[in-house]
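Have a look at the structure below, then the notes.
Read-outs throughout are calculated quantities, based only on the coordinates presented, and are distinct from any laboratory measurement. Keep in mind that what you see is a predicted model, and the values were worked out from it rather than measured. For neighbour counting, all protein chains shown are included, and Cβ atoms are generated from backbone atoms with ideal geometry for every residue, glycine included.
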Amino acid sequence: EADIYQTPRYLVIGTGKKITLECSQTMGHDKMYWYQQDPGMELHLIHYSYGVNSTEKGDLSSESTVSRIRTEHFPLTLESARPSHTSQYLCASSEFGTDTQYFGPGTRLTVL
Amino acid sequence: SQELEQSPQSLIVQEGKNLTINCTSSKTLYGLYWYKQKYGEGLIFLMMLQKGGEEKSHEKITAKLDEKKQQSSLHITASQPSHAGIYLCGAGPYSGGGADGLTFGKGTHLIIQP
């Protein structure tokens, strides 16, 4: 069982607020990912990281930003939340050299 | 970019019956991943297939990879309520999945009727 955690699990927030979604893993994995999933739709990669101080944008353009200061921590920030940001955000990690990704439970974000 | 098409989109099966879910890729598959997602939650890794003809089993779930057809199938034997959820297939980046993440299909929603 994967040891990857996301907080909060659910977040309802007003337009214009700054939010940070937390993701932590205790497996020592180098690679970490953020996916966005709208209800009934497929997952889309929005950010990924190869390791500390590495961040890359994924296939789906996103107004969010990420940072990787510690191996185990990969937070996602929205400077000014909008209703269009309403979605489920899933964090994942994998060992360097493999593509098998382990997912956290997700954060369901609702922006009013 | 690669696309993964899953069929059927949804499936209602009586408890105890067998079922099959398919995943077809628009490009050559170098690695195919099967995940299960409970509604509103994260993905649970089931298994990964790399070689053509490879077959793996986990409890009552068996997955096969047909490299020539660019297709994988997931078969559940004697389905149980615990099998209900969304099954997603994903392809690795070397199949043209883009960036360095996995490309996923839209998923197959499985409902088990008692």
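Ranking A:His44, B:Leu65, B:Gly85 by how far each Cα lies toward the positive end of the dipole of the protein assembly as shown (charges on Cβ) leaves B:Gly85 at the top.
Qualifying trypsin sites (Lys or Arg not before Pro) in the range A:1-101, where qualification requires a DSSP coil assignment and no more than 15 other C-beta atoms within 10 Å, comprise A:Arg9, A:Lys17, A:Lys18. From the P(r) of chain A, could you give the percentage of C-alpha pairs in the tail past 20 Å? Roughly 33 percent, once rounded to a whole number.
Taking amide H positions as modeled 1.01 Å from N, with prolines and chain starts lacking one, no residue 5 or more places away or on another chain lies under 5 Å from B:Lys69. Applied to the range A:99-111, the Karplus parametrisation 6.51 cos²θ - 1.76 cosθ + 1.60 on θ = phi - 60° returns per-residue 3J(HN,Hα) values of 10, 6, 9, 10, 9, x, x, x, 10, 8, 9, 10, 10 Hz, with x for Gly and Pro. The ellipsoid equivalent to the alpha-carbon distribution of the range B:1-95 has semi-axes of 22, 14, 12 angstrom, derived from the gyration tensor eigenvalues as √(5λ) and listed largest first. Counting only other chain Cβ atoms within 10 Å of each residue's Cβ, the peptide B:100-109 averages 6.
About the centre of its Cα atoms, chain B shows a dipole size close to 140 debye [charges on the beta carbon of Lys, Arg (+1) and Asp, Glu (-1) only; nearest 20 debye]. Put the Cα centre of the range B:1-76 next to the Cα centre of the range A:77-103 and the gap is 22 Å.
Over all orientations, the range A:1-51 has a Cα convex hull whose mean projected area works out to 5.0 square nanometres.
Cross-link pairs exceeding 32 Å in C-alpha to C-alpha distance, out of A:Lys17/B:Lys27; A:Lys57/B:Lys60; A:Lys31/B:Lys106; A:Lys18/B:Lys27, comprise A:Lys17/B:Lys27; A:Lys57/B:Lys60; A:Lys18/B:Lys27. Shielding value for B:32-41 is 3, the average number of Cβ atoms from other chains within 10 Å of each residue's Cβ.
In the protein assembly as shown, Rg over Rh equals 0.97, where Rg is the alpha-carbon radius of gyration and Rh the Kirkwood radius from pairwise Cα distances.
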